[in-house]
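This report concerns only the one structure given below.
Computed from the coordinates by the stated procedures, all read-outs in this text should not be read as laboratory data. Values in this document were obtained by computation on a predicted structure and should not be read as measured data. We place every Cβ from the backbone using ideal geometry, glycine too, and count neighbours over all the protein chains shown.
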Amino acid sequence: MTFDFSALLVLLTFVSGIIWLFDHLVLLPRRKERLAAPGSDIDDELAETIKKPPVLVDYARSFFPIFLIVLLLRSFLVEPFRIPSNSMMPTLLTGDFILVNKYDYGIRLPVINKKIFSIGDPERGDVMVFRWPEDDKTPFIKRVIGVPGDHITYVDKQLTINGQKIELEKIGVYQGVGSGIGMTGADILQENLDPVVHNILIAPDRQSKEVEDFVVPEGEYFMMGDNRDNSLDSRFWGTVPDENIIGRAFRIWMYWDTKSKGMDWSRIGRKIE
């Protein structure tokens, strides 16, 4: 069972808000009435005790604005994620902590993920976080390769979109570190998706899943990992519907891989392209 932090955050915000509101509308007036009652024999110490809200109310009143702010930021502006696999190497490494823009592709309600306001659509070359269609509780991150209507072919490790072969230029040999050490020796190639130019990994000694002239359905997107021979992506399980979109990855804010030297300060703040 996958832990749903968004649902927990909504629940905490709702419960703390209800407790605070109940105190404000019901319990607080009662406390004031008791203090103001004619003839009441209440000393100063007891009066201070009566004025204080119950401990539960005090906690709810303190944490409600925090829960609400985090919920709004995480649901509508920016959400953090951690990269759990090597599928987006060399762009993203296992252990990268990234920030995801939640509004570029439209405003969605938390938990139910229903789009209520459309702002823009994913574009070819975007690095996108989405809920895996085969288990919508699991977040995946891949690159947008095909948008609605595109014809996608991937044969002999050559990507073709709408009949045009995508330019590839070998720029080096990859030296892996930490969790990605197994990709050492793979070719680093520069891929031009126009206007997005980025690097991918191709392992000459590995077989690659091929695709023969796949047409991307309306409202769906064809996704591939930058580590082309080590990525579970649309070549295996199909396209991503619009309702599964979470947002666009745009920045690395921390890197920590227990299988390497730990923190890599040079990755902090990198723009994701």
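The stretch between Leu232 and Ala7, if pulled fully straight at 0.36 nm per residue, gains 78.3 nm over its current Cα-Cα span. Under the combined filter of DSSP loop state and at most 16 neighbouring Cβ atoms within 10 Å, the range 194-238 retains these GluC sites (Glu not before Pro): Glu210, Glu218.
Note: relative contact order over the chain, using C-alpha pairs below 8 Å and six or more positions apart, is 20 percent.
What is the gain in length, in nm to one decimal, between Phe22 and Asp213 on full extension, counting 0.36 nm per residue of separation less the C-alpha to C-alpha distance? Before the final figure, lay out the partial values.
Numbers: separation 191, 0.36 × 191 = 68.76 nm, distance 6.03 nm.
So the chain would gain 62.7 nm between Phe22 and Asp213.
Over all distinct Cα pairs, what is the inverse of the mean 1/r for the chain, reported as the Kirkwood hydrodynamic radius in Å?
Hydrodynamic radius (Kirkwood, Cα pairs) of the chain is 21.6 Å.
For the chain, find the longest principal axis of its Cα atoms and tell me its angle to the long axis of helix 55-76, 0 to 90°, nearest 10. The angle comes out near 30 degrees. Placing +1 on the Cβ of every Lys and Arg and -1 on the Cβ of every Asp and Glu, with nothing else charged, gives the chain a dipole about its Cα centre of roughly 660 debye. For the chain, modelled as a GNM whose springs connect Cα atoms under 10 angstrom apart, the maximal fluctuation among Trp20, Trp132, Trp256 occurs at Trp20.
From least to most packed, judged by other beta carbons within 10 angstrom and beginning with the fewest, Tyr255, Tyr221 follow the order Tyr255, Tyr221.
Structure remark: mean-square fluctuation, Gaussian network model of the chain, C-alpha springs under 10 Å; the largest value among Leu56, Leu232, Leu201 belongs to Leu56. Computed extension length for Asp150-Arg82: 21.5 nm, one decimal, from 0.36 nm per residue of separation with the Cα-Cα distance subtracted.
Provide Met223, Met263, Met183 in ascending order of the number of other Cβ atoms located within 10 Å of each residue's Cβ, fewest first.
The order, fewest Cβ neighbours first, is Met263, Met183, Met223.
Considering only Val78, Val129, Val196, the Gaussian network model of the chain with Cα springs below 10 Å gives its largest mean-square fluctuation to Val196. Relative to the longest principal axis of the Cα atoms of the chain, the long axis of helix 5-22 lies at roughly 20 degrees. Here the label points at Val177 and Leu56, each 7 Å from Cα along the C-beta direction, are separated by 5.1 nm in the simple model. Straight-line reach from Lys32: taking Cα to Cα under 27 Å and skipping same-chain neighbours fewer than 8 places apart, the lysines in range are Lys51, Lys52. With the simple spin-label model, which puts each label point 7 Å out from Cα in the Cβ direction, the Trp265 to Glu33 separation comes to 6.3 nm. When both the range 70-122 and the range 131-195 are represented by their alpha-carbon centers, they are found 20 Å apart.
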